[in-house]
Amino acid sequence: MTERETTRLVAWSTELSRVHRRIREALRVTQEAVRAGRPAEQAGRDLLLYCHGFCAALDGHHRGEDRALFPAIEEAHPDLAPVLRALEQDHSMMAHLLGELRAAVDRSAPAEELDRHLEGVAAIMESHFRYEERQLLTVLEALELPATVSDVLGPL
């Protein structure tokens, strides 16, 4: 195996960690925008930008995993099927929470309500990311998956 091939094999675990860091950072920036207390009109524009951007990033990441990454892992490691089903269930729960956050942003909900939505997403997201990393990073170091990072892990 060449060094380039080895690097590509290990890259899936590295890429997953990078995507999780970027989504965590997007959440932090979004929470700061909510808590900044700027005039309502400016805050509304910022929240639309940050919340919709964050929601799109997290949702796109999970769709990519469900569509491309998890089937590849299950094919190579059928014993991980229960782990993958639990992660998919988390994705569904987060999609619901993100839908509620989007609706709150669209109706210009007060900052306190938006912050509660973000806190709920943050709690589930962090638990999910940590579980996913514990269960899958080692597997991803050896996963051969001929696809682009954005197709597998979302457009971040």
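The values are calculated or read from the model by the stated rules, or taken from the named source; none is laboratory data. Note that the coordinates shown come from a computational prediction; the quantities given were computed from them, not determined experimentally. All Cβ positions, even for glycine, are placed from backbone atoms using ideal geometry, and neighbour counts span all protein chains on display.
I need a count of the residues in the stretch 98-117 that are farther than 23 Å from residue 66 by Cβ, of a type outside the set (D, E, K, R) and either free of Cβ contacts under 8 Å to residues at least 40 places away in the same chain or in a helix (DSSP H, G or I) (or both). Spell out the reasoning first.
First pass over the stretch 98-117, keeping only residues farther than 23 Å from residue 66 by Cβ: 104-116.
Adding the requirement that they be of a type outside the set (D, E, K, R) leaves 104-105, 108-111, 114.
Checking the rest, the ones that are also either free of Cβ contacts under 8 Å to residues at least 40 places away in the same chain or in a helix (DSSP H, G or I) (or both) come to 104-105, 109-111, 114.
So the answer is 6.
For the stretch 85-126, name all the residues that are more than 20 Å from residue 51 (Cα to Cα) and out of contact with any helix residue (DSSP H, G or I) (no Cβ under 8 Å at 6 or more places or on another chain).
85, 89
Please pick out the residue among 79, 90, 59 that is in a helix (DSSP H, G or I), touching a Gly at 6+ places or on another chain (Cβ under 9 Å), at pLDDT 85 or above and surrounded by fewer than 20 Cβ atoms within 10 Å (Cβ to Cβ).
59
If a residue has to be buried (at least 19 other Cβ atoms within 10 Å of the Cβ) and over 10 Å from residue 16 (Cβ atoms) to count, how many in the stretch 125-142 make the cut?
Here the count works out to 2.
Being surrounded by 12 or more Cβ atoms within 10 Å (Cβ to Cβ) and modelled with pLDDT of 70 or more: is that true of residue 34 here? Walk me through it before giving the result.
Values: surrounded by 12 or more Cβ atoms within 10 Å (Cβ to Cβ): yes; modelled with pLDDT of 70 or more: yes.
Yes, satisfied.
Would the stretch 43-55 turn up any residue that is at pLDDT 80 or above and touching a Leu at 6+ places or on another chain (Cβ under 9 Å)? Give the steps one after another, and end with the answer.
Here is the first cut: in the stretch 43-55, the ones at pLDDT 80 or above are 53-55.
Those left that are additionally touching a Leu at 6+ places or on another chain (Cβ under 9 Å): 54-55.
Yes, the stretch 43-55 contains at least one residue that is at pLDDT 80 or above and touching a Leu at 6+ places or on another chain (Cβ under 9 Å).
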